[in-house]
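> My questions all concern the structure below.
The values are calculated or read from the model by the stated rules, or taken from the named source; none is laboratory data. The structure displayed is predicted, hence computed values, not measured ones. Note that each Cβ is placed from the backbone with ideal geometry, even for glycine, and that neighbours are counted across all protein chains shown. Surface areas here come from the heavy atoms of the whole protein model, side chains and all, with no ligands, DNA or RNA. Shrake-Rupley method; radii C 1.70, N 1.55, O 1.52, S 1.80 Å.
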Amino acid sequence: VVYSGGDDSLGPVEDKTLIERVKRRYGIEGDYILHIGTLHPRKNLVRLIEAYNLLKNKRRGMELMEIKLVLAGKKGWLYEEIFRRVEALGLIGEVLFPGYVEQDDLAALLSGACLFVLPSLYEGFGFPVLEAMACGTAVVCSNVSSLPEVAGEAALLVNPLDITALAEAMEQVLDDERLSADLVRRGFEQVKKFSWDRCARQTLAVLENALA
């Protein structure tokens, strides 16, 4: 197996003014949980919305639950159910859809998030996990498909079909500063394992071996 590389241009954004400016550009105020990806069923966003709703109801009245859920990305196929679920649960204004994120804004948006969540049912690789880690954001992601290989021990892994477990994992990271900091630290180390230089060298080795 030859793994893809991460985006070397991404890193933590320390400039709070820049982060706030990018947040305003996408209509985001205050703290937020972030997901980035095309809006379609494979991303498992209906369950993520339901998990967020469980977390919100459990913590009703607590300051931390002012936190929003931001689902950034363009509309894909069969996206309508995602919006219907937000409306049915009364989460309009709590779940935000800022649309496609420009590359120049990605690092600031990731750096400003309290938590990045990727509960996909299937991923060919899972680049957003590495992107979030590179920007110093704690990650919760699925324990299926390619994601355990990409995330390693630098994320909380959860069954993407278990809404309660997903809500509990998000709550755990939001509540436990030590855990969150440890995931960030592990994330920086995990990102180093994925580079395009290594990908190119390993691919070349496979080709040379096939020709030998």
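> Tell me, what is the percent relative contact order of segment 22-142, built from C-alpha pairs under 8 Å that lie six or more residues apart? Display every interim value, and only then the final one.
On the way: 185 pairs, mean separation 40.2, N = 121.
Answer for segment 22-142 is 33 percent.
> Quick one: dipole size for segment 147-212, taken about the Cα centre, charges +1 on Lys/Arg Cβ and -1 on Asp/Glu Cβ, in debye to the nearest 20.
The calculation lands at about 480 debye.
> Going by a ≥ b ≥ c, the root eigenvalues of the Cα gyration tensor, does segment 1-144 fall in the rounded group (a/c under 1.5), the prolate group (a/b larger than b/c) or the oblate group? All intermediate terms of the calculation are to be shown ahead of the outcome.
Working: a/c = 1.60, a/b = 1.15, b/c = 1.40.
It is oblate, given that a/c is not under 1.5 and a/b is not larger than b/c.
> Classify segment 155-201 as rounded, prolate or oblate from the Cα gyration tensor: take a ≥ b ≥ c as the square roots of its eigenvalues, call it rounded if a/c is under 1.5, otherwise prolate when a/b beats b/c and oblate if not. Could you put the intermediate results ahead of the total?
On the way: a/c = 6.08, a/b = 1.77, b/c = 3.43.
It is oblate, given that a/c is not under 1.5 and a/b is not larger than b/c.
> Out of Trp77, Leu161, Val1, whose Cα points farthest toward the positive end of the dipole of the chain (charges: +1 Lys, Arg; -1 Asp, Glu; placed on Cβ)?
Trp77
> Then there is this: Rounded to the nearest 20 debye, what is the charge dipole size of the chain about its Cα centre when +1 sits on each Lys and Arg Cβ and -1 on each Asp and Glu Cβ?
360 debye
> Express the relative contact order of the chain as a whole percentage, based on alpha carbon pairs under 8 Å and six or more residues apart in sequence.
Details: 354 pairs, mean separation 54.4, N = 212.
For the chain, the relative contact order is 26 percent.
> Related question: Given the chain, what count of lysine pairs have C-alpha atoms under 18 Å apart, with each pair 8 or more places apart or on different chains?
Numbers: Lys23/Lys68; Lys23/Lys74; Lys43/Lys74; Lys43/Lys75; Lys56/Lys68; Lys58/Lys68.
Going through the chain pair by pair, I get 6.
> Given R₀ = 45 Å, what would the calculated FRET efficiency be for Glu29 paired with Ala205, taking r from the Cβ atoms and rounding to 0.05?
That gives a FRET efficiency of 0.35.
> Roughly how compact is segment 24-90, stated as its Cα Rg over 2.2 N^0.38 Å to two decimals? Walk me through the numbers before you get to the answer.
Details: Rg = 12.4 Å, N = 67, 2.2 N^0.38 = 10.9 Å.
Scaled against compact globular proteins, the figure is 1.14.
> Using only Cα atoms and rounding to the nearest 10 degrees, what angle (0 to 90) does helix 177-191 make with the longest principal axis of the chain?
30 degrees
> Here's something else I'd like to know. Take the alpha-carbon centre of segment 185-212, take the same for segment 78-153, and report the distance between them in whole Å.
Measuring centre to centre over Cα atoms gives 25 Å.
> Let me ask another. Could you list the GluC sites (Glu not before Pro) in segment 24-75 that lie in coil according to DSSP, counting only those with at most 12 other Cβ atoms within 10 Å of their Cβ?
Passing sites in segment 24-75 are Glu29.
> Kirkwood-based Rg over Rh for segment 91-131 (C-alpha set), two decimals? All intermediate terms of the calculation are to be shown ahead of the outcome.
Working: Rg = 11.9 Å, Rh = 12.2 Å.
Using Cα coordinates only, the ratio equals 0.98.
> Residues in segment 1-22, backbone N under 19 Å from the label point at Asp104 (7 Å along the Cα-to-beta-carbon vector): list them, ranges by number please.
Hits in segment 1-22 for Asp104 at 19 Å: 8-22.
> What does the accessible area per residue of the chain come to in Å², with a 1.4 Å probe and no ligands, DNA or RNA counted? Working shown, then result.
Working: 10820 Å² over 212 residues.
Accessible surface, normalised per residue, equals 51 Å².
> Sticking with this one: Over the chain, with every protein chain in place, what whole percent of the accessible area is carbon and sulfur at 1.4 Å, could you tell me?
Carbon and sulfur: 51 percent of the exposed surface of the chain.
> Give me the number: length gained by fully extending Arg21 to Glu177, i.e. 0.36 nm times residue separation minus the C-alpha to C-alpha distance, one decimal in nm.
So the extension gain works out to 53.6 nm.
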